[in-house]
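**Q** This structure is in structure tokens; I'll ask about it shortly.
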Amino acid sequence: DSNISRYNVIWNSPSEDSSGSMPLGNGDVGLNVWVEKNGDLLFYISKVNAFDAAHLLPKLGRIRIKMQPALSVSDFKQTLSLIDASIQIQAGDVSLKIWVDANKPLACLEGKSKTARTATITLETLRALQNQSDSLPNKGTVGILFNNKSNRLAWCYRNLSSKWGDNLKKQNSTEMVAKTKDPILLRTSGCLVEGNSLVRLNNSSLVSKFKSTEFNCNISVLSSQPDNLQTWLADVSKPAKPDWKTHCNYWESFWNRSYINITNPETGTFNLDQCRYTQF
């Protein structure tokens, strides 16, 4: 633990935008996390098999968490904790921990504050979303926002066509297209956000029911090929409980599996000019 913690990445100020984000994930679900100068916490969500109809891997969305009173950005520390694959943020009297469960597609946020606060969680879409009751297009990827009045946010992107076969044919793999089920067609990828004491504010936001010194929310991420949207919604809605202890055990095993421990690096300056790819 002590050796690994030496290499933690620590920031003492918030970020301008997503270019100043910290990466986090479990090899399946990924986050890019940052805090902006107004105290808002944001992160992008990705999944390794959430392909769209064009066989690309766009993000599934961006989440903004705004606390009231806002997070302090003058007394601020953000740490990428390697030993347990978490991001820990200390902002004034607020402590936040963000992690992606090592054993399931579930992102978790936990917070404690000495001052009672409310939190508003907002989905900021990167691709257009339509209501689930609207008619679907004939091709491409369609974004669906499930507006079922429940105290949660749920959305997905469903592929109504697929470039997968065409891409394989361009690689002279026509035989593979004939033998293999198209992994892109009808692929439906999205998220469900919910948390204790969070209630629906509108179609894209949840808000704390009352001020509290504790805060948590979980984000289930699912990419599958169901016959219909209701099957996907039922699957992503299945209860998923994070397990911090088992998560930490996994990462302890990961770090002990194999490693090179650099104990005495040389001092001085290094000329990296010949290491810049742009020179070549």
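**Q** Being in a strand (DSSP E or B) and either touching a Leu at 6+ places or on another chain (Cβ under 8 Å) or among the aromatic types (Phe, Trp, Tyr) (or both) is the filter here; which residues of the range 68-88 pass it?
**A** Of everything in the range 68-88, those that are in a strand (DSSP E or B) and either touching a Leu at 6+ places or on another chain (Cβ under 8 Å) or among the aromatic types (Phe, Trp, Tyr) (or both) turn out to be 76, 80, 86, 87, 88.
**Q** Those residues that are within 19 Å of residue 112 (Cβ to Cβ) and touching a residue at least 60 places away in the same chain (Cβ under 8 Å), I need them from the range 181-205; list them, please.
**A** 195, 198
**Q** Another one. In the range 10-57, what residues are buried (at least 18 other Cβ atoms within 10 Å of the Cβ), of a type in the set (Val, Ile, Thr) and closer than 16 Å to residue 221 by Cβ?
**A** Correct list: 29, 33, 45.
**Q** Also, quick follow-up: Among the residues that make up the range 47-66, is at least one of them free of Cβ contacts under 8 Å to residues at least 12 places away in the same chain, in contact with a strand residue (DSSP E or B) (Cβ under 9 Å, 6 or more places away or on another chain) and outside any loop (DSSP other than H, G, I, E, B)?
**A** no
**Q** How many residues, within the range 1-46, are assigned to a loop (DSSP other than H, G, I, E, B) and not acidic (Asp, Glu)?
**A** Going through the range 1-46 one residue at a time, the tally reaches 12.
**Q** From the residues in the range 143-172 that are open to solvent by 10 Å² or more (accessible area, probe 1.4 Å), within 14 Å of residue 131 (Cβ to Cβ) and not charged (D, E, K, R), which one is modelled with the lowest pLDDT?
**A** 148
**Q** Mind checking which pairs have a first residue in the range 256-280 that is surrounded by fewer than 10 Cβ atoms within 10 Å (Cβ to Cβ) and a second that is modelled with pLDDT under 65, Cβ under 6 Å, 6 or more apart or different chains?
**A** Between residues of the range 256-280 that are surrounded by fewer than 10 Cβ atoms within 10 Å (Cβ to Cβ) and residues that are modelled with pLDDT under 65, there is no close pair.
Here is a yes/no grid of residues against (1) at pLDDT 95 or above; (2) of a type in the set (D, E, K, R); (3) within 29 Å of residue 122 (Cβ to Cβ):
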position: 177; (1), (2), (3): no, no, no
position: 193; (1), (2), (3): yes, no, yes
position: 218; (1), (2), (3): yes, no, yes
position: 231; (1), (2), (3): yes, no, yes
position: 239; (1), (2), (3): no, no, yes
position: 250; (1), (2), (3): yes, no, no
position: 266; (1), (2), (3): no, yes, no
position: 278; (1), (2), (3): no, no, no
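**Q** A further question on this structure: Please work out which one of (1) more than 21 Å from the chain's Cα centre (by Cα); (2) more than 26 Å from residue 68 (Cα to Cα) is the condition residue 210 fails and give its number.
**A** Of everything listed in (1) more than 21 Å from the chain's Cα centre (by Cα); (2) more than 26 Å from residue 68 (Cα to Cα), residue 210 misses just condition (2).
**Q** When you check residue 68 against the structure, is it surrounded by fewer than 21 Cβ atoms within 10 Å (Cβ to Cβ) and out of contact with any Asp or Glu (no Cβ under 6 Å at 6 or more places or on another chain), yes or no?
**A** Spelling it out, residue 68 is indeed surrounded by fewer than 21 Cβ atoms within 10 Å (Cβ to Cβ) and out of contact with any Asp or Glu (no Cβ under 6 Å at 6 or more places or on another chain).
**Q** Which members of the range 96-110 meet the condition of being assigned to a strand (DSSP E or B) and open to solvent by 50 Å² or more (accessible area, probe 1.4 Å)?
**A** If the condition is that a residue be assigned to a strand (DSSP E or B) and open to solvent by 50 Å² or more (accessible area, probe 1.4 Å), then 110 is the only one that fits.
**Q** Scan the range 121-141 and tell me whether some residue there is of a type in the set (Lys, Arg), under 30 Å from residue 99 (Cα atoms) and buried (at least 19 other Cβ atoms within 10 Å of the Cβ).
**A** Taking every residue of the range 121-141 in turn, none turns out to be of a type in the set (Lys, Arg), under 30 Å from residue 99 (Cα atoms) and buried (at least 19 other Cβ atoms within 10 Å of the Cβ).
**Q** Name the helices (runs of 4 or more DSSP H) wholly within the range 146-263 that hold at least 2 residues that are under 24 Å from residue 26 (Cβ atoms)?
**A** 229-236, 244-257
**Q** Being open to solvent by 80 Å² or more (accessible area, probe 1.4 Å) and either among the aliphatic types (A, V, I, L, M) or within 19 Å of the chain's Cα centre (by Cα) (or both) is the filter here; which residues of the range 233-253 pass it?
**A** Listed by number, the residues that qualify are 238, 239, 241.
**Q** Keeping to the range 72-92, report how many residues are without any contact (Cβ under 8 Å) to a residue 40 or more places away in the chain and either touching a Lys or Arg at 6+ places or on another chain (Cβ under 7 Å) or open to solvent by less than 10 Å² (accessible area, probe 1.4 Å) (or both).
**A** Of the residues in that region, 2 qualify.
**Q** Sticking with this one: Any chance you could count how many residues in the range 37-96 are closer than 18 Å to residue 125 by Cβ and acidic (Asp, Glu)?
**A** 2
The values are calculated or read from the model by the stated rules, or taken from the named source; none is laboratory data. As the structure is a computational prediction, the values presented were derived from the model and not from experiment. All Cβ positions, even for glycine, are placed from backbone atoms using ideal geometry, and neighbour counts span all protein chains on display. Calculation scope for accessible area: heavy atoms of the full protein, side chains included, ligands and nucleic acids excluded. Shrake-Rupley method; radii C 1.70, N 1.55, O 1.52, S 1.80 Å.
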